[in-house]
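This report concerns only the one structure given below.
Derivation of every value follows stated rules applied to the coordinates shown; laboratory data play no part. Nothing here was measured: the structure is a model prediction, and the numbers come from that model. Reconstructed Cβ throughout: ideal geometry from the backbone, glycine too, with neighbour counts over all protein chains shown.
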């Protein structure tokens, strides 16, 4: 019952970024790397994508570009309709890093300095169609859930995607750090995620850079115990959140 309450309370948090240090939520990246002197990177939190079809399209676009070929190689196959349903699931939550017009270069406009879903919108006399749509450069989709093996509250990362033009800038590591901070603040016991075994770059990132381990619930543990000759093509990784 305690676990159910912890998960329920985490889902009810309006803005999980409000208690995260600005060292994680603010970006100091050269305009040269952004290819635009008039742009900044902005972090926003969203509780739903149902009211924002543009963000949904960005999410699916980056997912297909990054993961389409890998999913086609996997036992799961590529099913964009299923991924769209997953993105729109009522329990899914999202972090977006977007390239937006720099506040100092927006004439007659002021930015809301709140790091949540409203931070990418501007107060202006201009209509929304006249303001450039933020360009998503990285995002994560996650859920607060219960670990089926231990009944512990966990934050499960379903997606961590960085646009190919914005890799090697530390954005993936930054998003993971923020997710781990959210897990800490909401009393989750672990952060969990799934990685294809043949996605060697992702596996190296999580295992070597982010210090994730193969979770006890990962299928490879059972395959070794049962000496199976046919193996699954994914691992479940996790990191215990230390308080």
* Proxy reagent accessibility, fewest Cβ within 10 Å first, across 214, 236 -> 214, 236
* **Estimated FRET transfer efficiency (residue 22, residue 221; beta-carbon r; R0 41 Å; 0.05)** => 0.55
* To do: Calculate, in nm to one decimal, what residue 54 and residue 73 gain on full extension: separation in residues at 0.36 nm each, minus their alpha carbon distance.
  => 4.0 nm
